[in-house]
Every structure is written in C-alpha cells, then in structure tokens.
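Below is one structure, written out as structure tokens; the observations come after it.
The values are calculated or read from the model by the stated rules, or taken from the named source; none is laboratory data. Note that this is a predicted model, so its numbers are computed, not measured. Don't worry about glycine lacking a Cβ; one is built from the backbone with ideal geometry, like all the others, and counts go over all protein chains shown. All accessible areas refer to the heavy atoms of the entire protein, side chains included, with ligands and DNA or RNA removed. Shrake-Rupley method; radii C 1.70, N 1.55, O 1.52, S 1.80 Å.
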Amino acid sequence: MFMIDHNLLDIEEALMAANSLRGAVFTLKNHVPEFMGYNIGYEYFVREHSYMRGDVIVQTTLPHDVTQQYAPSGGQNADPIIENIAQLKDRYTVDLTTIIAGKQSKYKNKFFTALSNIGVKTMTAYAFLPPDSHGFGALTILEEVPNASHTYPPERFAEIGFQFHTLMKRQGQLKRYLGINAKEQAVLERMADGKTAQDAAQEFGVTPRTIEMRLQSARQKLKARTTTEAVFKSVCYGIL
C-alpha cells in the first residue's frame, strides 16, 4: 500500500480516472504531500542500457516549454538521472546549480538551464523497483529547496513509486503510452503462447502477411529487434 496518511482508495480512484500517463503523474504529484508541490518525473526501462537507444518511458509534470528543450539537448543520452537509474540503490541527487555554474559539464544544456530558470536547484531520484524485478525505475523530485525530499527516508518514495508503477501497468497506462492497440496485443499474446503467424492468421481470419504487419508495428512501438524481445517487453510493460 501507499505509505501515506490519507485515503489510499481516493488516490487509486483518482489515478484510475487519469486519461493518460502524464495525467496520472500529475495526479500523483497533487495527492502526495511528500512531493511538497514540486514537479516530479517517472522513469522506467527494462534493460540497463536501454536509454542508449531511447527505449525509456519518461513522463513528468514539467511545463511543456521546458519539456520541449529535452530532446534537442540530448534527451535520454544526456540525462544524469536516466544514465544512473540502473545503479541506484536508494536515492541519487543531481545538483543543478553546480551543472549550470560549470564550464565543461556535458549536462550544461538548454534543458537543464530551463530547469534552473524555473527554480529547480536539485533533482533527487528514488529507485522503486526491487533487484529481482524486470527493469529499472525511479521517481524524481525536482526540488526548488536543495535536497528538500531528504527529510523523508528513501523507502518512503520507493514504496510510492512501486505502487504507482504497478498500478500503471495494471490499468494499461503503459500500453496506451506506447500506443499498442488491441489487434497488436492479441497477436503478441498468440506469439507468447508459442503460436505461429500462420496459426494466428487462421484464428483471426486474416492473411499471414496481415499478422506479420501487426507484429512489425508492435516491434517498432516497443523498440524491439525481434518478436521474442517484443513479447518480453510486453510482459514487462503489463501488456501481456
């Protein structure tokens, strides 16, 4: 359960009413007093170096004009939080004032300058997935008062993050974020059951070529090189 002092049912109902992953992250921010009203971010990926190929789910409560600076500034390959998620044991803090003041830091770019301009001083990421889970994830708090979230034990945010992530998978928010439709999901389910494209084609009354096209679309959305990888990621994301 969420380790917070108010009604969990109210939070779950509000999260389930969100029409997107971004909306759910806003709901989390607005209902959890431990975030102190600061902007937050949710990050998840299934393999340690997935960020190098852009295979990361990221959603924040940042204003759009700040977010628009992210990709042009290097995106996930120039993000100190994402680069270090796989090594997080509890929490990891990035000092933006040091980055902005430095001359050689690779993180001194338009995105982090924009964060600094809206008052962010430190970013503290809290790992929320246990070591035996599939993937790596963190909740990041963008602190206007340096290290403000450190007044709480890391376990507090790990519990909140884990339950949020679990709920997002269960209610299909990750599937919607990735854009997997019902036909693609059905074909992935058949592949997970060991069926062939011919088997699926016969079951759905379409041609094997149609099945292959649906699989190709699913692989592209999941950034999977093979159908086996697509099935694995679908399990991790709660699609299967």
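Brief remarks follow.
- Selection of the stretch 62-72 for residues being crowded, with 18+ Cβ neighbours inside 10 Å and more than 15 Å from residue 43 (Cα to Cα) yields only 66.
- Which listed residue is of a type in the set (A, V, I, L, M, F, W, C), more than 18 Å from residue 122 (Cα to Cα) and more than 15 Å from the chain's Cα centre (by Cα), from 11, 99: 11
- Evaluation of residue 96 against the conditions (1) over 29 Å from residue 235 (Cα atoms); (2) free of Cβ contacts under 8 Å to residues at least 40 places away in the same chain; (3) surrounded by fewer than 20 Cβ atoms within 10 Å (Cβ to Cβ) shows that the sole unmet condition is (3).
- In the set 194, 172, 179, 205, only one residue is surrounded by fewer than 16 Cβ atoms within 10 Å (Cβ to Cβ), out of contact with any helix residue (DSSP H, G or I) (no Cβ under 9 Å at 6 or more places or on another chain) and closer than 29 Å to residue 15 by Cβ; that residue is 172.
- Flag for residue 214 being in contact with an Asp or Glu (Cβ under 6 Å, 6 or more places away or on another chain) and surrounded by 15 or more Cβ atoms within 10 Å (Cβ to Cβ): yes
- Verdict on residue 162 being open to solvent by 60 Å² or more (accessible area, probe 1.4 Å), under 30 Å from residue 95 (Cα atoms) and within 16 Å of the chain's Cα centre (by Cα): yes
- Residue ID - farthest from residue 221 (Cα to Cα), chosen from residues in the stretch 150-177 that are among the basic types (Lys, Arg) and out of contact with any Lys or Arg (no Cβ under 9 Å at 6 or more places or on another chain): 156
- Screening residue 50 against (1) open to solvent by 40 Å² or more (accessible area, probe 1.4 Å); (2) at pLDDT below 95 leaves a single unmet condition, (1).
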